[in-house]
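Here is the structure we will look at, set down as structure tokens.
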Amino acid sequence: MKKKYNEKTAIDIIDKVGARPEMLVQILHAFIKKFSYIDEQAIRLIAKKINLSRAEIHGVVSFYHDFRTEPTGEKVIKICQAEACQSMGSRELTKYAEKILDVNMHQTSKDMKLTLEPVYCLGNCALSPAIMIDEKVYGKVNEEKLNDLVENL
Ligand code: FES
């Protein structure tokens, strides 16, 4: 499970990655890996540490899909919405996932157990539709396979 944001860990991350403005994207990735999201306090801290304005950091955070500003659930399920997967039914699979998981795309369940997110190509187009659960990619996912994967979470 991801750690809740805390300043000491955040400072360690910035120092480890490199407290320089050109390291901003790498710092944000490291924060996502550790905390699952970029907290407002994190933006303030990064701005101070690498001498950029908060607006500059907000600009980068809002530009990239992966830089969430809300914590995720324990598990993150991403369903590919790019062309190859769409042609193989990823939209229908998404609707089915929303129904069985009782959570809409871009949202986290109330119990914070899981988050459902879109992704745009997982490099697994030959086996579309593809999904990713945490860091693992699954191909040729139909309703039955999704049921099995969800049951095993
Ligand atoms: S389009 Fe879905 S994995 Fe490439």
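Brief remarks follow.
- With respect to (1) under 15 Å from the mean Cα position of the chain (by Cα); (2) closer than 30 Å to Glu40 by Cα, the lone exception for Val137 is condition (2).
- Tyr120 meets the stated requirement of being modelled with pLDDT under 95, within 14 Å of the ligand (Cβ to nearest atom) and surrounded by fewer than 17 Cβ atoms within 10 Å (Cβ to Cβ).
- Any chance Lys78 is of a type in the set (Lys, Arg), surrounded by 12 or more Cβ atoms within 10 Å (Cβ to Cβ), assigned to a strand (DSSP E or B) and at pLDDT 95 or above: yes
- Considering (1) farther than 22 Å from Ala82 by Cβ; (2) in contact with a strand residue (DSSP E or B) (Cβ under 7 Å, 6 or more places away or on another chain), the lone condition that Pro118 does not fulfil carries the number (1).
- Considering the conditions (1) in the same structural domain as Glu143 (by TED's automatic domain parsing); (2) in a helix (DSSP H, G or I), Lys49 is excluded by exactly one of them, (1).
- Checklist (1) free of Cβ contacts under 8 Å to residues at least 24 places away in the same chain; (2) within 24 Å of Glu144 (Cβ to Cβ); (3) away from the ligand (no atom under 16 Å from the Cβ); (4) among the charged types (D, E, K, R) applied to Lys113, failing item: (1)
- Segment 52-71 - residue that is assigned to a helix (DSSP H, G or I) and under 20 Å from the mean Cα position of the chain (by Cα) and, of those, nearest to the ligand (Cβ to nearest atom): Phe63
- Among the candidates Leu127, Leu45, Leu93, the residue that is more than 16 Å from the ligand (Cβ to nearest atom) and of a type outside the set (Lys, Arg) is uniquely Leu45.
- Within segment 72-88, the residues that satisfy the criterion of being within 11 Å of the ligand (Cβ to nearest atom) and more than 13 Å from Ala126 (Cα to Cα) are Lys78, Ile79, Gln81.
- Scanning segment 59-77 for residues that are in contact with a Phe, Trp or Tyr (Cβ under 6 Å, 6 or more places away or on another chain) and either basic (Lys, Arg) or over 18 Å from Asn104 (Cβ atoms) (or both) gives Val61, Arg68.
- Whichever residue in segment 130-139 is touching a strand residue (DSSP E or B) at 6+ places or on another chain (Cβ under 7 Å) and more than 11 Å from the ligand (Cβ to nearest atom) and, among such residues, is farthest from Glu74 (Cα to Cα): Ile133
The values are calculated or read from the model by the stated rules, or taken from the named source; none is laboratory data. Small disclaimer: the values here were computed from a predicted structure and weren't measured. Please note: Cβ atoms are built from the backbone with ideal geometry, for glycine as well, and neighbour counts cover all protein chains shown.
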